[in-house]
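Okay, structure first, notes after.
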Amino acid sequence: MHVQTTSIENVGQLRLTDKELMLMYEIGLNLIPTATDFVDYVSSKYQVSQSGVWYTLKKLKKESLVDFMEKGEGPKPLGLTELGMSVIRGKITDVQHRQYHHVTMSVKA
């Protein structure tokens, strides 16, 4: 089994969709302990398909951004990895900076 690893230095090179970022944000809230319950929650809250949520979760896991228990693995809760926490922190900071910059630009205009 090939495991893809990404170093923290390469975080800026990761390209994440809005859906992936939203799932990572929701996972980071630590409200839902299992992937199955999380898929049910997100599917209901955002009116998206469960299969789409599962696909995205598995993609994020393959990219070492989230971790959760799958069939045949030992018990582990759904959560962000260290890399995932670093990515989401950077993205949130970037969004906050852009929003602040936009407001500043509007006030000066």
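The Cβ shell under 9 Å around LEU78 holds other residues with a net charge of -1, Lys and Arg each +1, Asp and Glu each -1. Could you work out how much longer the chain between GLU70 and LYS45 gets when fully extended? Use 0.36 nm per residue separation minus the Cα distance between them, nm to one decimal. Computed gain between GLU70 and LYS45 is 6.7 nm.
Readers should treat all values here as calculations from the given coordinates under stated rules, not as data from a laboratory. This structure is a prediction, so every number in the text was calculated from the model and none was measured. FYI the Cβ positions are ideal-geometry reconstructions off the backbone, even for glycines, and counts take in every protein chain you see.
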